[in-house]
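> Just dropping this structure here.
Nothing in this text is a laboratory measurement; each read-out follows from the coordinates by a stated rule. Computed from a prediction, not measured in an experiment: that's the story for all the values here. Here the Cβ is made from the backbone with ideal geometry for all residues, glycine too, and neighbour counts use every protein chain on show.
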Amino acid sequence: MITVKEITSKKELKKFVTFPFSLYKDNAYWVPPIINDELDSFDKTKNPVFKDADAWFFLAYDGATIVGRVAAMINRLEVNQQNVKKMRFGWFDFIDDENVSKALLDKVAEIGSKYTLEYMEGPVGFSNLDKVGVLTEGFEHIGTMITWYNHPYYKAHLEQFGFAKEKEYLEHKFPEKNADPKHFVRINELVKKRYELRPLNFTKTKDVMPWADQMFDLFNDSYAKLSSFVPITDVQKAYFKKKYISFINPEYIKFVVDKEDTLVAFAIVMPSFSEALQKAKGKLFPFGLFHLLKARKHSKDVIFYLIGIQPAYQNKGVTAVIFNEYSKTFRQKKIEMCYRTPELADNTAIQQIWKHFDPVVYKRRCTYRKNL
């Protein structure tokens with residue numbers, strides 16, 4: 001008999017975080033999180049997202065054995081300000097047993113109905129900077145630290161219970177050599193001259209920090225029109241600066257400013273930490289930090305994490321300025337492969353940015369929706 005219990009203690013929350021370590025124990029493509037980092041993200045005293053969100057965490061048991069988990073979330077900014085009556089669910093993992101997945105999804109639906117929400121969608125996180133989607137193609141490729149990996153049966157379970165595909169996300173990759181400078185060097189000079197723009201490059205994290213708030217504001221402006229977007233609040237900006245910016249190689253952060261030093265575009269790239277995280281096995285100590293620092297310095301694969309352009313400068317070739325700077329950095333560091341984070345399949349504007357690099361889709365993922 002399957003029972004579902006709501007988590008009420010830190011001890012149980014750690015079981016929630018570590019359950020996938022057993023579910024994917026022998027899987028060569030699953031990338032584990034750092035356990036303490038994951039626990040911190042669920043800590044209401046540490047993660048400012050909880051100022052505007054509520055969350056419930058559940059574990060499914062078969063006797064004394066944990067067989068599944070799910071987080072149910074309500075983003076109040078989304079529900080009250082945007083009038084999107086969505087019940088979110090994420091961190092959804094389970095053995096291949098429909099009794100387990102149904103019991104977990106029923107708990108999410110129960111909360112959604114209690115708060116008179118109209119539908120549930122997942123897997124998603126609290127915000128647009130969280131992981132998203134059930135993997136539907138590309139199971140033979142290693143995951144990344146910013147995506148969920150899952151067994152192929154997840155999709156079938158959701159569809160079995162009447163969930164329909166809501167949004168599709170694509171993940172692309174291309175060899176660094178495809179970023180041929182001939183596509184952007186000349187345009188780069190024209191754009192800089194025409195709009196009086198200049199690139200900013202960094203070698204020290206402390207030099208990035210004064211620009212970080214502008215960057216998050218620009219992120220909000222760039223993505224505001226996307227159907228799934230929830231803005232980053234001022235409190236979250238401070239949290240993300242501490243959590244992410246300090247860990248990203250400063251030379252992988254590129255800004256473009258106008259003549260008044262106003263930020264008009266930015267991009268963030270990260271080295272691939274996938275293999276390092278697999279070696280770390282969820283822990284920074286004693287050896288996990290060593291593996292991560294080694295990857296930070298020597299990884300030959302990079303992931304384009306975020307790119308944002310002020311709406312007034314979109315479709316004006318500003319990305320040529322960004323790519324021109326990355327080209328120099330990548331050649332210097334002998335980067336071999338470039339990967340992109342999940343992007344909405346219907347976001348044609350972002351796809352146009354990459355068209356000259358001949359990217360290939362190597363993974364697909366979807367969120368699923370069901371009316372309540």
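> Would you count, across segment 13-80, every pair of lysines whose alpha carbons are under 22 angstrom apart, provided the pair is eight or more residues apart or spans two chains?
Counting lysine pairs in segment 13-80 gives 6.
> Still on this structure: Compute the relative contact order of segment 175-366 as a whole-number percentage, counting only Cα pairs closer than 8 Å that sit 6 or more residues apart in sequence. Don't jump to the answer; show the numbers that get you there.
Numbers: 250 pairs, mean separation 57.3, N = 192.
RCO, segment 175-366: 30 percent.
> Placing unit charges on C-beta atoms (Lys and Arg positive, Asp and Glu negative, everything else neutral), compute the dipole magnitude of segment 175-366 about its Cα centre in debye, rounded to 20.
Details: 33 positive and 20 negative charges, 156 e Å.
Using Cβ point charges on Lys, Arg, Asp and Glu, segment 175-366 gives about 760 debye.
> Also, quick follow-up: Between LYS281 and PHE247, what's the calculated FRET efficiency when r is the beta-carbon distance and R0 is 25 Å? Round to 0.05.
The pair LYS281/PHE247 has a calculated efficiency of 0.85.
> Counting helices only, and only those DSSP H runs with n ≥ 4, report the 222 nm mean residue ellipticity of the chain as the sum of -39,500 (n - 2.57) divided by its residues, in deg cm²/dmol to the nearest 500.
-10500 deg cm²/dmol
> How many nm is it between the label spots at ARG198 and ASN178, if each spot is 7 Å from the Cα in line with the beta carbon?
Using points 7 Å along Cα→Cβ, the separation is 3.4 nm.
> Still on this model: What's the long-distance tail for segment 175-366, i.e. % of Cα pairs beyond 26 Å? Display every interim value, and only then the final one.
On the way: 6292 of 18336 pairs.
Beyond 26 Å sits 34 percent of the P(r) for segment 175-366.
> Please list the three semi-axes, largest first and in whole Å, of the ellipsoid equivalent to segment 2-170, using sqrt of 5 times the eigenvalues of its alpha carbon gyration tensor.
One finds semi-axes of 22, 19, 18 Å for segment 2-170.
> Further, regarding this structure: Report, in debye and to the nearest 20, how large the dipole of segment 2-170 comes out about its Cα centre when Lys and Arg carry +1 and Asp and Glu carry -1 on their Cβ.
That gives segment 2-170 a dipole magnitude of about 560 debye.
> Which of the following values of mean projected area of the Cα convex hull in nm² was calculated from the structure shown: [x] 19.2; [y] 18.1; [z] 24.1?
[y]
> Another one. To the nearest 20 Debye, how big is the dipole of the chain about its Cα centre, given +1 on the beta carbon of each Lys and Arg and -1 on that of each Asp and Glu? Before the final figure, lay out the partial values.
Working: 57 positive and 46 negative charges, 208 e Å.
Using Cβ point charges on Lys, Arg, Asp and Glu, the chain gives about 1000 debye.
> May I ask which residue of HIS157, TYR115, VAL134 lies farthest towards the positive end of the charge dipole of segment 2-170, with charges of +1 (Lys, Arg) and -1 (Asp, Glu) on Cβ and the Cα centre as origin?
It is TYR115, whose Cα lies furthest towards the positive end.
> Of GLN278, VAL264, THR329, which is farthest towards the positive pole of segment 175-366's charge dipole, taken about the Cα centre with +1 and -1 on the beta-carbons of Lys, Arg and Asp, Glu respectively?
Toward the positive end, the furthest listed residue is GLN278.
> Let me ask something else. So how do 167-176, 195-204, 11-20 stack up, highest first, on mean other-Cβ count within 10 Å? Please report the intermediate quantities before stating the final value.
On the way: 167-176: 19.4, 195-204: 14.3, 11-20: 17.3.
Going by the mean number of other Cβ atoms within 10 Å, highest first, we get 167-176, 11-20, 195-204.
> Okay, next question. Take the alpha carbon atoms of segment 1-19, find their center, do the same for segment 80-105, and report the distance between the two centers in whole angstrom.
Cα centres, segment 1-19 to segment 80-105: 15 Å.
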